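J.: Got a structure for you, questions after.
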Amino acid sequence: MEIVILPDGAAVGAAAAARIAAVVQRKPEAVLGLATGSSPLGAYAALADLVARGEVDLSRTSAFALDEYVGVPPESPLSYAATIAHDATGPLGLDPARVRTPDGNAADLEAACSAYEAAIAAAGGVDVQLLGIGANGHIGFNEPTSSFASRTRIKTLAPRTREDNARFFGGDLDAVPMHCITQGLGTILDARQLLLVAQGESKAAAVAAAVEGPLTAMVPGSALQLHRTAVVLLDEAAASKLTLADYYRFTYANKPAWQRVD
Ligand code: F6R
């Protein structure tokens, strides 16, 4: 795992964008894994700048979102389908026809989960998966005790997640859906590269547990330890509970030029 501690959230976003751009420059038809929420916004903004400057073209790139609420219609601005369209598809110049989110309104949700897995496989798998992490250690909406082998499925959101996400629902906890469809940890681990971004002190404990703690279903983010190419981009606050922070800084400062992409 590569852990990079950067001065602030803007630097985290720029570093994530550079890494995604490097993948797409090598492979214009790459498949991106997209996250919603606050964490990836800096990465999307920085990537949109690279697109606007003509440094990378995402028009042939496909994308799959990590998750979707159950029962929120896609036309609602609160749906992850709408959020991805607003935060990523439009600004990044992705072709909307190549961007998918799980169907949280399907009559048969289990079939929708299987169809999502099949669509990812048919696209050739995800090349680079952008991830945030919840304060309770979740990635995607794989809440604590999710199986490391899990695939796309229906989950019940943890109380902490619903509280954290109430801010998107005008602070109304009752309005936050109870269920979601999320890619499983096994699905996420199948991506060729994982790119987790975290900013702020509220993520510090979850980041430390995921990166330096034991591999445990109680901290779904610890699944990154099983991946061969996982990169964790942190601002100082999100890195503040890491035991080996100085080692990560030393490693990054002494990284050979041929290994750098940012
Ligand atoms: C979103 C997702 C979640 C979020 C996590 C952090 O698609 O899968 O794992 O990344 O809840 O959310 P923010 O970034 O809003 O703090």
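J.: Checking the structure you have, find out if any residue of segment 239-259 is open to solvent by 20 Å² or more (accessible area, probe 1.4 Å), acidic (Asp, Glu) and not in a loop (DSSP other than H, G, I, E, B).
T.: yes
J.: In this structure, is residue 72 outside any helix (DSSP H, G or I), under 17 Å from residue 181 (Cβ atoms) and more than 16 Å from the chain's Cα centre (by Cα)?
T.: Judged against the criteria, residue 72 is a match.
J.: Pairs only if they're at least six apart or on different chains, beta carbon under 6 angstrom, first in segment 56-68 and among the aromatic types (Phe, Trp, Tyr), second within 16 Å of the ligand (Cβ to nearest atom); list them, first residue then second.
T.: 64/33; 64/100; 64/120
J.: Next up: Out of everything in segment 202-232 that is more than 19 Å from residue 248 (Cβ to Cβ) and hydroxyl-bearing (Ser, Thr, Tyr), what residue ends up being most open to solvent (accessible area, probe 1.4 Å)?
T.: Going through the qualifying residues, I end up with 202.
J.: Give the residues of segment 218-248 that are within 25 Å of residue 163 (Cβ to Cβ) and under 18 Å from the mean Cα position of the chain (by Cα), sorted by residue number.
T.: 219, 220, 221, 222, 223, 224, 232, 234, 235, 238, 239
J.: Let me ask you something else. In the set 154, 133, which member is more than 11 Å from the ligand (Cβ to nearest atom) and either open to solvent by 30 Å² or more (accessible area, probe 1.4 Å) or touching a residue at least 40 places away in the same chain (Cβ under 8 Å) (or both)?
T.: 154
J.: While we're on this one: Within segment 136-151, take every residue that is of a type in the set (A, V, I, L, M, F, W, C) and more than 15 Å from the ligand (Cβ to nearest atom) and give me the one that is surrounded by the fewest Cβ atoms within 10 Å (Cβ to Cβ).
T.: For segment 136-151, the residue satisfying everything is 149.
J.: I would also like to ask the following. So, residue 85, is that one assigned to a helix (DSSP H, G or I) and either under 30 Å from residue 7 (Cβ atoms) or touching a residue at least 40 places away in the same chain (Cβ under 8 Å) (or both) or not?
T.: For residue 85, the condition - assigned to a helix (DSSP H, G or I) and either under 30 Å from residue 7 (Cβ atoms) or touching a residue at least 40 places away in the same chain (Cβ under 8 Å) (or both) - is not met.
J.: Here is a follow-up. Taking the options 52, 82, name whichever one is open to solvent by 50 Å² or more (accessible area, probe 1.4 Å) and either at pLDDT 95 or above or within 16 Å of the ligand (Cβ to nearest atom) (or both).
T.: 52
J.: Now a separate question. Which one is least open to solvent (accessible area, probe 1.4 Å), of the residues in segment 10-41 that are within 16 Å of the ligand (Cβ to nearest atom), farther than 11 Å from residue 195 by Cβ and in a helix (DSSP H, G or I)?
T.: The residue in question is 13.
J.: Just wondering, is there one or more residues in segment 163-178 that are more than 19 Å from residue 200 (Cβ to Cβ), within 17 Å of the chain's Cα centre (by Cα), away from the ligand (no atom under 11 Å from the Cβ) and β-branched (Val, Ile, Thr)?
T.: Within segment 163-178, not a single residue is more than 19 Å from residue 200 (Cβ to Cβ), within 17 Å of the chain's Cα centre (by Cα), away from the ligand (no atom under 11 Å from the Cβ) and β-branched (Val, Ile, Thr).
The values are calculated or read from the model by the stated rules, or taken from the named source; none is laboratory data. Note that the structure is a prediction, hence the values are computed from the model and not measured. Methodologically, a virtual Cβ is constructed for each residue, glycine included, from the backbone with ideal geometry; neighbour enumeration extends over all protein chains shown. Side chains included, ligands, DNA and RNA excluded: accessible areas come from the protein's heavy atoms. Shrake-Rupley method; radii C 1.70, N 1.55, O 1.52, S 1.80 Å.
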